[in-house]
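J.: This is the structure I want to talk about, given as structure tokens.
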Amino acid sequence: METGYLQHRAGPTGPFRTESVQVRHLGMLDQYQAWFEGRWRKIYIQVNRTYIRYRGQRITIQVDGV
């Protein structure tokens with residue numbers, strides 16, 4: 001397992017609140033999940049952003065190598 005860092009925003013311009021979470025690779029190409037709020041959540045990987053979805057929000061996550 002790896003460690004990822006969620007970056008929550010307090011407002012539209014910041015500041016960030018950083019939270020450490022566990023990340024697992026599912027064994028398939030570029031499919032990862034992060035443990036957040038009691039369950040595994042899919043990590044979406046885009047060109048400029050990597051994030052999870054939670055309650056209609058996109059929360060940025062930083063993971064080494066992803």
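J.: Do you know the relative contact order of the chain, to the nearest whole percent, from alpha carbon pairs under 8 angstrom that are 6+ apart? Can you show the working numbers first?
T.: On the way: 118 pairs, mean separation 19.7, N = 66.
This gives 30 percent for the chain.
J.: Right, next: Of the heavy-atom accessible surface of segment 3-66 (probe 1.4 angstrom), what whole percent is carbon and sulfur?
T.: Values: 2040 of 4650 Å².
Looking at segment 3-66 in its full context, I get 44 percent from C and S.
J.: Please get the size of the charge dipole for the chain, origin at its Cα centre, with Cβ charges of +1 on Lys and Arg and -1 on Asp and Glu, quoted in debye to the nearest 20.
T.: Values: 10 positive and 5 negative charges, 69 e Å.
The calculated dipole for the chain is roughly 340 debye.
J.: Can you list the HN-Hα couplings for segment 20-26, worked out from phi with the Karplus curve (6.51, -1.76, 1.60; θ = phi - 60°), rounded to whole Hz and with x for Gly and Pro?
T.: Coupling constants for segment 20-26: 7, 9, 7, 10, 10, 9, 7 Hz.
J.: Which trypsin sites (Lys or Arg not before Pro) in segment 2-66 sit in a loop by DSSP (not H, G, I, E or B) and have at most 14 other Cβ atoms within 10 Å of their own Cβ? Display every interim value, and only then the final one.
T.: Details: sites: 9, 17, 24, 39, 41, 42, 49, 53, 55, 58; in loops: 49, 55.
Listed in order of number, the matching sites are 49, 55.
J.: Right, something else. Counting only heavy atoms of the protein chains, get the accessible area per residue of the chain (1.4 Å probe) and round it to a whole Å² value. Mind dumping the intermediate values first?
T.: Values: 4880 Å² over 66 residues.
With the other protein chains kept in place, the chain gives 74 Å² per residue.
J.: Determine the gain in length on full extension of the stretch residue 28-residue 53; use 0.36 nm per residue of separation and subtract their C-alpha separation, reporting nm with one decimal.
T.: Gain on stretching residue 28 to residue 53: 7.0 nm.
The values are calculated or read from the model by the stated rules, or taken from the named source; none is laboratory data. All values derive from a computational prediction rather than experimental measurement. Reconstructed Cβ throughout: ideal geometry from the backbone, glycine too, with neighbour counts over all protein chains shown. These area figures cover heavy atoms from the full protein model, side chains too; ligands, DNA and RNA do not enter into them. Shrake-Rupley method; radii C 1.70, N 1.55, O 1.52, S 1.80 Å.
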